[in-house]
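Participant: If you scroll down you'll find the structure; I have some questions about it.
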Amino acid sequence: MVNDRGTIKWTSIMMPEHIKLLNEMWDELERKDKPILDDQQKLDIDLKLQCAIKDDLTVEVKYFSDGDYLTAKDKLQMIDRKKIMLQDGKEIPLNDVLDVYID
């Protein structure tokens, strides 16, 4: 069985520009597309957010940012038509929210 190390064995002889291009290519390959939510999913997210702010519950928000899925966990401080704000000061655009989990 061949134990291939991929590009690791070649990086010592690669030019810095080549390494930069390879890194950009790998970043682009790992980039994810933003999913499109249907009306039912948006309504479900809205209900969970309203419940969490009313009852002062901790939420875990899954959202899309810069080609990746991220999560933030905290209590909600504020909700408006365009964004939600967590108590740690983090602002998340409402149209980037993919799901909300209540603890």
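The values are calculated or read from the model by the stated rules, or taken from the named source; none is laboratory data. For clarity, every value in this text was computed on a predicted model and none was experimentally measured. Neighbour counts are summed over all protein chains in view; Cβ atoms, including those assigned to glycine, are modelled from backbone coordinates with ideal geometry.
Participant: Of the residues Leu49, Leu76, Leu86, Leu94, which single one is touching a helix residue (DSSP H, G or I) at 6+ places or on another chain (Cβ under 6 Å) and either surrounded by 15 or more Cβ atoms within 10 Å (Cβ to Cβ) or of a type in the set (D, E, K, R) (or both)?
Facilitator: The match here is Leu76.
Participant: Can you go through Leu43, Leu22, Leu37 and tell me which one is out of contact with any Pro (no Cβ under 7 Å at 6 or more places or on another chain) and either without any contact (Cβ under 8 Å) to a residue 12 or more places away in the chain or exposed (fewer than 12 other Cβ atoms within 10 Å of the Cβ) (or both)?
Facilitator: None of the others qualify; the one that does is Leu43.
Participant: Select from segment 68-103 the residues that are touching a residue at least 40 places away in the same chain (Cβ under 8 Å) and of a type in the set (Val, Ile, Thr) and list them in ascending order.
Facilitator: The answer is Val97, Val100, Ile102.
Participant: Is one or more of the residues making up segment 60-68 modelled with pLDDT of 95 or more, exposed (fewer than 13 other Cβ atoms within 10 Å of the Cβ) and closer than 25 Å to Glu30 by Cβ?
Facilitator: no
Participant: Tally time: how many residues in segment 81-99 are over 19 Å from Asp66 (Cα atoms), assigned to a loop (DSSP other than H, G, I, E, B) and in contact with a Leu (Cβ under 8 Å, 6 or more places away or on another chain)?
Facilitator: Residues in segment 81-99 being over 19 Å from Asp66 (Cα atoms), assigned to a loop (DSSP other than H, G, I, E, B) and in contact with a Leu (Cβ under 8 Å, 6 or more places away or on another chain): 2 in total.
This table checks each residue for (1) in contact with a Lys or Arg (Cβ under 6 Å, 6 or more places away or on another chain); (2) part of a loop (DSSP other than H, G, I, E, B).
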position	(1), (2)
Leu22	no, no
Trp26	no, no
Lys32	no, yes
Ile36	no, yes
Gln50	no, no
Glu60	yes, no
Leu70	no, no
Lys75	no, no
Tyr101	no, no
